[in-house]
Amino acid sequence: MKKLLRGWKKSTLVLYSLLTILLITACGAEEEGQKVYKPDLPALSLPQEEARQEHQLDISQRTLKVVEEGDLFQEEGPYLYMLKRGQLIIVQTYPLEEMKIVYCQEMEDNFYPLELYLKDRQLVLVGTVEKERAVYQADSYYGPATVKALIFDIAESGEIEVKREVMVDGRYISSRRIGDKIYLFANRSSSGYRASEGEKKATYSFVDSAMADNPGVIDDPEIHYFPYFVEPEYLTVASFSIVQHEQKAEIASYLGAGEYVYASEDSLYVAVTQYTPKAPLILAPEQEKVGSIEPANFEEYTSIFKFAIKDNKMVFKGQGNVPGTLLNRFAMVEKEGNLWIVTTKGNPWATGEKGAKQQFYILDETLSILGKVEELAPEEQLAAVAFSSHFAYLVTFQEQATFYVIDGLYPEQPTLSAKLPISSYSNYLHPYGDHILLGFGREKGIRFSALDLTDKAKPVEKFLEIIGQYGSDTTIFRDSRPLFFSKDNEIIAFPVTIRQIEGIEDEKFFQGVYLYRYDEEKGLKHWGKIPQSREKKDEAVFGIFEEGDNLYLLSESKLQVFGIDKLDYRSELTIP
């Protein structure tokens, strides 16, 4: 049985009808009273014609994203595809009375998938390979990680076949799907490998199963470079089709590095923090020694590298620089061909001239500064950034939190539209419709708020709720993907871990999902909560989705189903 599973390219993986013994070992045996994997179930089949038509009508009402980030789970048809600690698991989610695990496979060759993409029955797993390289060099001083993608085809017969494998050297940064192509980004430090006399040194290596000869090598003369970049690192960008499996991947390497990625339908942006000394580090004749080299002696700025997506090809278009550093990946966005970006200049922990100041820039198509608003919120720290329409929103804090609105309607002359003191800051902002901005922060417990931006010059905090007390938490602080909005946009839900401390020995604990309803006239109101299993307090819900009138909550060990109208319990499935 194990021999059948060795080598992805040589075997077609038939859904658990062939994998009975292995899957029971990998995914756990069935416990009494629980719905888990059953080896005697028939092979996975697609929905019957009637059910398929109904589902297609449902799919047509959804917005099919052109640009997408990877996730830990995706739904398509009656099936849920999820990742769990190196395993790919497929669950049949409806009808509820037939909900079951239909496929469970642990990845081989030290491959640990981090994200997955699903489009038109093409499944892509993106992750890392530990302790290996795309091309092994025994004498290499460094041992960089490898980024790997596996592309599966899900046939109508229910079989899963690995159609393609792509690997590149380096540490994983990020990935995106744009249309039918996947883009991988990886950093790799300069190798310490010393080629022996007469030996050709491979600076960068990759594997693409669509090529006749593997592994492939990028040599020194083929490596591009970003102007003025002096760090001994390489940025590799690999792109490949998830539909045309015979089409070779495009792989380019640049002398440079990447930190944050933003993607639009037509462009890719890679941003990285850089440092330049404020004064020369070379001794002048009258100097006896060089002064201390401290962070304060360096000027921080952000370099942005732009790639155009044209005719399904990626072309490097140029580089731009702005003062300061990015807070996170949410601090830049493309609008009408211009890049909007928010940075922090200075030391967030210092005061006076050395203290932090927030900067807003609009860069044109060549990444030249078109307009700017600088010196905002002196001596305050930047907590969150968001964009909508032609506005940018910033939350800063020091002794008091402040909400800023910047109007970028005229890119050459952006202006500060509003400044509003608020009780506490938000770590994450999310636009909700045209006039509401949701905020998630900490204030004794979880601070959940809604700002009314109908009048951008006079924003009003219309809703504020402090959930729990000290020690309460939500995964939204670290990963915004579990934030759920219903199709009709009336329900908002997110996972929480709540602590209500009434005394030293009297601590109440709740873990599950909080739900809110939004009404244009009544505003935002707490609607209900769904408790999670009490068995595993450290395991939060990482996925919330709906199908028909069912609301599904997904954690590592369980898939629960509730009625979306009354939040009534309907079913659950144990994930081994």
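Per residue, the solvent-accessible area of the stretch 373-521 (1.4 Å probe, heavy atoms of protein chains only, all protein chains present) comes to 46 Å². Ligands, DNA and RNA aside, M107 has an accessible area near 20 Å² when probed at 1.4 Å.
Stokes-Einstein, applied to the Kirkwood radius of the stretch 309-389 over Cα pairs at a viscosity of 0.692 mPa s and 37 °C, places its translational diffusion at 238 µm² s⁻¹. Count Lys and Arg as plus one, Asp and Glu as minus one, and take only other residues whose Cβ is under 13 Å from that of A356; the net charge is then -3. The listed residues W349, W527, once ranked by accessible area (1.4 Å probe) with the largest placed first, stand as W349, W527.
Highest mean packing comes first when the peptides 451-459, 234-242 are listed by Cβ atoms within 10 Å, giving 234-242, 451-459. Pairs from the table (K354/K456; K148/K248; K148/K181) lying more than 21 angstrom apart at Cα are K354/K456.
The values are calculated or read from the model by the stated rules, or taken from the named source; none is laboratory data. As the structure is a prediction and not an experimental result, all values here were calculated from the model. When we count neighbours, we look across all protein chains shown, and the Cβ atoms used for this are built from the backbone with ideal geometry, even at glycine. These area figures cover heavy atoms from the full protein model, side chains too; ligands, DNA and RNA do not enter into them. Shrake-Rupley method; radii C 1.70, N 1.55, O 1.52, S 1.80 Å.
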